[in-house]
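This report concerns only the one structure given below.
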Amino acid sequence: MTHDHDLVLRPTDQQTAAALNPPDGRNGGDLVVETLAGLGATTVFGLPGQHALGMFDALRRSSLRYVGLRVENNAGFAADAYGRITGEAAPLLLSTGPGALTSLAALQEAAAASAPVLAISSQIPTAGLGGGRHGYLHELPDQAASFRGVVKSVHTVRTQSQIPSAIAEAWKSALTAPHGPVWVEIPQDVLLAETRLPVVTAMDATPGDLPPRPELTAVAADLLSKAARPAIIAGGGVVRADASGKLRALAEKLNAPVVTTFGGKGAFPWEHPLSLQSWLEDRHTTDFLEDADVLLVAGSGLGELSSNYHTFKPRGRVIQIEADLGKLESNHPALGIHADARLALQALLETVEERADATAQDRVRELLAKVADRIAVQELALEQQVLAAVRAALPADSPSFWDMTILAYWAWSAFDAKSPNAMHSAQGAGGLGYGFPAALGAAAADPTRPVLAVSGDGGALYSIAELATARQYDLNVTWLIVDDGGYGILREYMTDAFGEPTATELTRPDYVALAESFGVPGIRTSPDTLETDLTKALAEPGPSVVVLPAVLRMFAPTHLGTG
């Protein structure tokens with residue numbers, strides 16, 4: 001009798017010969033790139049450094065495409081976007097110390113947004129590990145400690161034979177729901193030393209499923225089927241699980257209105273009769289959701305932005321589907337279902353009873369009319385005109401990447417993403433400089449579609465060096481820079497809080513001339529010509545910059561009792 005654990009895959013004669021006679025001239029870096037290729041990676045991002053040269057030397061002997069950025073943080077943002085667009089783990093190759101630490105803000109955003117980034121850093125030589133003060137260049141007492149509070153998992157390699165398994169384990173971690181960034185570090189001497197280990201083949205790091213417990217979905221289905229006023233909040237977990245189709249089918253079967261979080265943009269059709277759109281920073285929407293007798297929260301932790309700054313206080317029964325165990329019931333008591341959103345929504349779809357509700361669509365229309373009336377009295381025609389021009393210019397299937405800027409805050413609530421996984425921003429961690437390098441990563445993932453990046457002038461200065469990257473790789477990204485002469489949203493916050501702003505005004509360059517100095521076409525536009533200029537820029541291949549001098553205002557917040 002043969003048991004499964006007795007089965008062993010036998011190598012072919014050709015594989016045996018290759019294993020016994022590996023090519024000359026390989027080092028530990030070759031084991032890194034061979035493992036990545038074996039796991040299915042095709043593109044890597046990064047920045048070389050002295051201790052990491054073994055990895056970068058190995059790239060020229062591999063089939064991997066390398067996209068090098070000018071700042072490690074921006075390389076992290078590019079890998080983040082690549083991971084979001086493809087659903088694959090995006091390798092990010094870094095050096096020690098300052099190079100590694102410069103990526104931290106990007107890895108925090110990837111963690112907050114559950115983007116699968118596989119960061120592989122060099123380390124000082126093995127003899128320097130362990131916290132001693134040996135005086136190596138870039139030496140830290142414990143480099144990995146700087147990353148443990150940011151990434152999903154940390155893997156330190158000490159010998160060449162550990163490299164394939166450590167990277168495979170990290171790859172699996174990055175792609176196990178919830179997705180996220182992971183950290184692997186390999187000492188310089190391990191990367192540089194010649195290796196006689198066989199070429200890495202047959203890697204397998206397939207992540208496991210995270211199915212819901214059937215007794216929980218049975219209770220949830222019963223609650224939803226019998227609800228008088230059910231509603232659904234759809235978060236980024238629905239997008240990442242590719243579950244928007246199942247969400248729509250469930251909402252229609254239940255006649256349940258759906259609002260998407262800012263991270264869940266596109267998870268539900270914007271113009272659907274049951275769509276509450278994304279007006280979460282609005283008291284009318286908050287009241288509507290509080291009035292639901294059963295509220296299904298799918299793929300969201302109901303954090304600060306998704307809860308109207310924690311003013312949301314549900315009165316009905318909450319059902320929460322969440323792959324991140326730490327977010328389950330972290331803000332509100334709920335029937336917590338620890339599961340991948342796709343699998344949990346499928347289970348509910350199979351078990352809920354069809355529910356009639358003649359009032360649901362009327363209540364949605366009434367809510368959206370209240371929101372529109374609130375905005376209409378605030379004299380924000382310029383802001384609405386600019387956002388409408390961007391939507392009209394951007395092809396429906398093109399992704400957009402938004403920095404932390406006033407126009408992005410408008411887009412969170414008011415922009416129709418058109419499709420799932422099409423609108424991304426740095427709202428997870430809230431760091432500046434995300435939009436443009438992230439768009440470059442998306443363009444590297446799919447060169448067939450133009451990609452839009454949106455920044456303010458403050459955020460643009462964080463990533464201006466990547467104009468060189470855009471030109472070097474001829475990436476199909478149009479960068480819209482809204483130039484208001486400072487940190488616009490901070491200017492508003494400080495004026496509202498203190499009567500005047502401090503440290504918010506910026507001396508800035510001529511962005512059009514600066515873009516052209518990199519060989520990137522640039523144009524200065526106006527609100528009236530924005531749609532035409534942006535449409536033209538997006539239609540032309542390669543990178544371009546469109547500069548809009550304008551001072552935009554935010555709509556009044558409701559969580560402060562002023563909206």
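Run the quick spin-label model on Tyr309 and Asp287: label points 7 Å from Cα toward the beta carbon, then report their separation in nm to one decimal.
Distance between label points: 1.9 nm.
For region 362-382 and region 393-436, what is the centre-to-centre distance using only Cα atoms, to the nearest Å?
21 Å
Mind listing which GluC sites (Glu not before Pro) in region 366-431 are in a DSSP loop and have 11 or fewer other Cβ atoms within 10 Å?
Within region 366-431, the qualifying GluC sites (Glu not before Pro) (loop, at most 11 other Cβ atoms within 10 Å) are Glu379.
For region 443-488, what is the convex hull (Cα atoms) projected area averaged across all directions, in square nanometres?
Result: a mean projected hull area of 3.3 nm².
What number of lysine-lysine pairs in the chain show an alpha-carbon separation below 15 angstrom, given a sequence spacing of 8 or more or placement on distinct chains?
Final tally of qualifying lysine pairs is 4.
For Leu368 and Glu516 in one chain, what is 0.36 nm times their gap in residues minus the Cα-Cα distance, to one decimal in nm?
48.9 nm
Shape call for region 404-487 from the C-alpha gyration tensor, a ≥ b ≥ c root eigenvalues: rounded (a/c under 1.5), prolate (a/b greater than b/c) or oblate?
oblate
Which value, in Å² rounded to 10, gives the accessible area of Glu252 with a 1.4 Å probe and all protein chains present?
For Glu252, solvent-accessible area is about 80 Å².
For Val44, which sequence-distant residues (separation of 5 or more, or a different chain) have an amide H within less than 5 Å of its own amide H, given hydrogens modelled in the peptide plane?
Arg65, Tyr66, Val67
Through the Karplus equation 6.51 cos²θ - 1.76 cosθ + 1.60, θ set to phi - 60°, convert the phi angles of region 187-193 into ³J(HN,Hα) values in whole Hz; use x for Gly and Pro.
With coefficients 6.51, -1.76 and 1.60, one gets x, 4, 5, 5, 6, 8, 5 Hz.
Karplus couplings for region 409-419 from phi (6.51 cos²θ - 1.76 cosθ + 1.60, θ = phi - 60°), rounded to Hz, Gly and Pro as x?
Ordered by residue, 3J(HN,Hα) equals 5, 4, 5, 3, 8, 10, 9, 7, 5, 6, 7 Hz.
Which whole-angstrom value gives the distance between the alpha carbon centres of region 496-563 and region 77-156?
Cα centroid to Cα centroid, the span is 32 Å.
If each residue of separation counts as 0.36 nm, what is the full-extension length gain between Ala497 and Gln378 once their alpha-carbon separation is subtracted?
40.9 nm
How many nm is it between the label spots at Arg471 and Ala249, if each spot is 7 Å from the Cα in line with the beta carbon?
5.0 nm
Calculate, in nm to one decimal, what Glu329 and Leu137 gain on full extension: separation in residues at 0.36 nm each, minus their alpha carbon distance.
64.6 nm
Calculate one ³J(HN,Hα) per residue across region 204-215 by plugging θ = phi - 60° into the Karplus curve 6.51 cos²θ - 1.76 cosθ + 1.60, and present them in order as whole Hz with x for glycine and proline.
Calculated HN-Hα couplings, in order: 9, 9, 5, x, x, 6, 10, x, x, 6, x, 5 Hz.
The values are calculated or read from the model by the stated rules, or taken from the named source; none is laboratory data. Computed from a predicted structure; not experimentally measured. Neighbour counts run over all protein chains shown; Cβ positions are idealised from the backbone, glycine included. Side chains included, ligands, DNA and RNA excluded: accessible areas come from the protein's heavy atoms. Shrake-Rupley method; radii C 1.70, N 1.55, O 1.52, S 1.80 Å.
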